[in-house]
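J.: The structure's right below; bear with me while I get my questions together.
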Amino acid sequence: MRHVRSVHESEDGESDGSGIKVHKINQQPGKGKNLNRYAIHFQQETKEGIEAQKELARKQLVHIPENELEVERSLPFPAELDFPKRPPWDSSMSAADLETNEHEYFDGYLKNVQKKFPASELSYFEMNIETWRQLWRVLEMSDIVLFIVDIRFPIYLFPPSLYEFVIKTLKKDMILVLNKIDLAPAPLVLAWKHYFKNAYPELQVLTFTAYPGYNLRDPSDKEGGLQVRRRRGKMRMAAEGAEQLLNACENIVSGQVDLSSWHKKVAEELNTVYEDDNLIVGKTLETTEADTSYHDHKKFSDGILTIGCVGQPNVGKSSLMNAIMGKKVVSVSRTPGHTKYFQTIFLTPTVKLCDCPGLVFPSKVPKPLQVLMGSFPIAQLREPFSSIQFLAERLDLVKLLKLHHADNEDTWSAFDICDAWAKQRGFFTAKAARLDSYRSANHLLRMALDGKICLCLYPPNYTAEKEMWLSHSELDGIKKVQAKSTDEAGTYEEENYSTDDDESASRGQDSQSQDAGSESSGSEEISGSKNKFANLPEDECT
């Protein structure tokens, strides 16, 4: 028998100025005035809607064919769904007037969205004006906007309205970074790169991973399926990706900013054979209370290039910045909303990076997919089973995880998969010793977020054109950035490294520790051999 539990919270939620019931996420206990100023605000789901999703997750899984993993451009971001922008202002307005003006505009924006789109059609999206103010300020102060997406779901993470605003309204350059490309096969990465270049002609498209082969222990070339990767404790600069970014910026600034120090830094990294852990340290300028008032932008002010790093939660913005630096200079976490306010870091004396908090843009992305993308904190999900259903209909989780049906049946539902994984891992409730399906679902979702269970979506026509991408002339360039070859990685002494990064679980955590207590039963024999997934690290599931 399964046991299903959920996160306890008010069913009524709180109403903001627009009259929409809001669920405030990641709030911290205490009474400080600005303690929860930057908490994530999502629209509250109804109890009836949650129960309906649970019922659907009890139905038999329907296999989704490979060609239906292809996504059309207009699906997630319809043209009429814009994002909130800073309203017009003039110098005669007082600070109080500006505050009132922005709040009135934002409340009107939310009401307008609510009128145009039923709540059931909309994704989770940020409803906290303080977080949007972070984006406004970063866009205003940046010379180049660097937008980062996860290669597994890029079309669902890139809002065309932001591209139009940056290119046509702000008249600034924009670079798209397809990040985490170590999680996707090289032909698919290349196909997505060409898709964005063709769809957005003024967009420069780069590929990147903070975890190339030389930053991993025992890097694997396995594509798809269960990815268990262990990150080296102290990472090197991801020089191949950094070189791409440098070249793109050099083309944009056209000699107006001296980038020689950055060029030297990358060149040294590319030509260095590492025998120790001496890394370049960046200077971090971080404020406890970010100034989000209007910034009058002057291009390349004081001879400094300012690059604004923008993206939705869990696309790897902070990890990208750390990998460019070759050292941890920005804290990272898989929890959406971990970065509360924008931070500035000097890469070199003439290059400044500005890290914007992860921001969930309004869209029509299915909510179960948003959970898999990392846009919603897994630990605070009231109903995780629809996301398991979305995943299981596109990946054969039964075969991948070597699951055995709890009732010895041939048909599977999302609940059945959670039950089987709970039994296999030893997830039981403390008092009644029932299968803990909720904990099991959370664990599977964390594995998917980390890339251990890897689902990748396709650009249009990818299935039909796969052979072309497999033999494309640019494929070697993608593999160079991935750096999956084990030849170079094998030259490092493994005992010199230890994992100490908060995001080490993401394609990098050492998974050799045995789960304690009741979970020791998860190491049972399966199909005549030891279950190699039994020792996967257990995440906090509350």
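The values are calculated or read from the model by the stated rules, or taken from the named source; none is laboratory data. Please read these numbers as outputs of a predicted model, since none were measured by experiment. Every residue, glycine as well, gets a Cβ built from its backbone with ideal geometry; the counts of neighbours run over all protein chains shown. With ligands, DNA and RNA removed, areas are computed over all heavy atoms of the protein, side chains included. Shrake-Rupley method; radii C 1.70, N 1.55, O 1.52, S 1.80 Å.
J.: Which one of these is modelled with pLDDT under 95 and among the β-branched types (Val, Ile, Thr): 138, 189, 166?
T.: Going through 138, 189, 166 in turn, just one is modelled with pLDDT under 95 and among the β-branched types (Val, Ile, Thr): 138.
J.: Sticking with this structure for a sec: Restricting the first residue to region 399-410 and requiring it to be closer than 15 Å to residue 422 by Cβ, which pairs with a second residue that is of a type outside the set (Phe, Trp, Tyr) and at pLDDT below 85 meet a Cβ separation below 8 Å and a spacing of at least six or different chains?
T.: The qualifying pairs are 401/226; 402/526; 402/527; 402/531; 404/526.
J.: For the structure I just gave you, tell me whether residue 106 is assigned to a helix (DSSP H, G or I), touching a Gly at 6+ places or on another chain (Cβ under 9 Å), open to solvent by less than 10 Å² (accessible area, probe 1.4 Å) and not basic (Lys, Arg).
T.: Criteria met by residue 106.
J.: Among the numbered conditions (1) within 28 Å of residue 154 (Cα to Cα); (2) in contact with a His (Cβ under 9 Å, 6 or more places away or on another chain); (3) surrounded by 23 or more Cβ atoms within 10 Å (Cβ to Cβ); (4) not small (Gly, Ala, Ser), tell me where residue 365 comes up short.
T.: Condition (2) is where residue 365 drops out.
J.: Which ones in region 58-78 are free of Cβ contacts under 8 Å to residues at least 12 places away in the same chain and open to solvent by 70 Å² or more (accessible area, probe 1.4 Å)?
T.: Matches in region 58-78: 68, 74.
J.: I need a count of the residues in region 130-144 that are touching a strand residue (DSSP E or B) at 6+ places or on another chain (Cβ under 6 Å) and of a type in the set (Ser, Thr, Tyr).
T.: The qualifying residues number 1.
J.: Go through region 393-425 and give me each residue that's of a type in the set (Lys, Arg) and farther than 17 Å from residue 438 by Cβ.
T.: 394, 399, 402
J.: Here's another thing I want to ask about it. Give me the pairs, please: first residue somewhere in region 114-134 and without any contact (Cβ under 8 Å) to a residue 60 or more places away in the chain, second residue anywhere and open to solvent by less than 10 Å² (accessible area, probe 1.4 Å) and not in a loop (DSSP other than H, G, I, E, B), beta-carbon distance under 7 Å, and either six or more positions apart or on two chains.
T.: Listed pairs, sorted by first residue: 129/106.
J.: Quick check on residue 197: is it of a type in the set (D, E, K, R) and modelled with pLDDT of 95 or more?
T.: yes
J.: Is it the case that residue 351 is open to solvent by 10 Å² or more (accessible area, probe 1.4 Å) and of a type in the set (A, V, I, L, M, F, W, C)?
T.: No.
J.: Also: So how many residues does region 111-123 have that are open to solvent by less than 20 Å² (accessible area, probe 1.4 Å) and outside any helix (DSSP H, G or I)?
T.: 3
J.: Another question, then. Which ones in region 83-95 are modelled with pLDDT under 90 and either outside any loop (DSSP other than H, G, I, E, B) or open to solvent by less than 20 Å² (accessible area, probe 1.4 Å) (or both)?
T.: 95 - this is the single residue of region 83-95 that is modelled with pLDDT under 90 and either outside any loop (DSSP other than H, G, I, E, B) or open to solvent by less than 20 Å² (accessible area, probe 1.4 Å) (or both).
J.: Suppose we keep only residues that are buried (at least 21 other Cβ atoms within 10 Å of the Cβ) and touching a Lys or Arg at 6+ places or on another chain (Cβ under 9 Å) within region 150-175. Which one would you say is nearest to residue 316 (Cα to Cα)?
T.: The qualifying residue nearest to residue 316 (Cα to Cα) is 150.
J.: Among the residues of region 436-444, is any at pLDDT below 95 and in contact with a Leu (Cβ under 8 Å, 6 or more places away or on another chain)?
T.: The answer is no, given that none of the residues of region 436-444 is at pLDDT below 95 and in contact with a Leu (Cβ under 8 Å, 6 or more places away or on another chain).
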